[in-house]
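Asks: Take a look at the following structure, please.
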Amino acid sequence: MAATVAVSAPPAESELDRSGAEEEPRGDGGDEDGAQNSSPTGPHSRLAKLPLSRIKALMKADPDVSLASQESVFIIAKATELFVEMIAKDALVYAQQGKRKTLQRKDLDNAIEAIDEFAFLEGTLD
């Protein structure tokens, strides 16, 4: 997980820039620069890093879900990525306090206990 945190931080900034660049051509009627930024052959062609087919399968495993649109699958995948990044960064603080670079379960436990936003996760790692 520690490698994910270290690698995730720079692309997150470029994703913000890229998402802003993708929205501009829509408002301008689409110019050549926008077409180059949304090229599927670019190094950042995937907006979601998690496999969308697996996210969709997990969503459909819920008996209350019969259909899942591509947009909803993408939003769930993106929200999951942001959540994992957030909890990993918070847990990394505790790992660094222990002078370690690798996240351990106790780091996640400490982050869950210390941060109110993660209160719903208390007891889930037991």
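The values are calculated or read from the model by the stated rules, or taken from the named source; none is laboratory data. Being a predicted model, the structure only gives us computed values, none of them experimental. Positions of Cβ are generated from backbone atoms using ideal geometry, with glycine treated the same way; all protein chains shown enter the neighbour counts. SASA here: full protein model, heavy atoms, side chains in, ligands and nucleic acids out. Shrake-Rupley method; radii C 1.70, N 1.55, O 1.52, S 1.80 Å.
Asks: Among the helices (runs of 4 or more DSSP H) confined wholly to region 1-94, which include 3 or more residues that are at pLDDT 50 or above and open to solvent by 70 Å² or more (accessible area, probe 1.4 Å)? Talk me through it step by step, then tell me what you get.
Replies: Details: elements: 2-28, 32-37, 52-60.
In region 1-94, the matching helices (runs of 4 or more DSSP H) lie at 52-60.
Asks: Going by what's in this entry, would Gln97 be described as of a type outside the set (Lys, Arg), loosely packed, with under 12 Cβ neighbours inside 10 Å, more than 18 Å from the chain's Cα centre (by Cα) and farther than 19 Å from Ile55 by Cα?
Replies: Details: of a type outside the set (Lys, Arg): yes; loosely packed, with under 12 Cβ neighbours inside 10 Å: yes; more than 18 Å from the chain's Cα centre (by Cα): yes; farther than 19 Å from Ile55 by Cα: yes.
It is true that Gln97 is of a type outside the set (Lys, Arg), loosely packed, with under 12 Cβ neighbours inside 10 Å, more than 18 Å from the chain's Cα centre (by Cα) and farther than 19 Å from Ile55 by Cα.
Asks: State which residue pairs qualify: first residue β-branched (Val, Ile, Thr) and inside region 47-71, second residue assigned to a helix (DSSP H, G or I) and surrounded by 12 or more Cβ atoms within 10 Å (Cβ to Cβ) in any location, beta carbons under 9 Å apart, and separation of 6 or more residues or different chains.
Replies: Ile55/Val73; Ile55/Phe74; Ile55/Ile76; Ile55/Ala77; Ile55/Thr80; Val65/Met59
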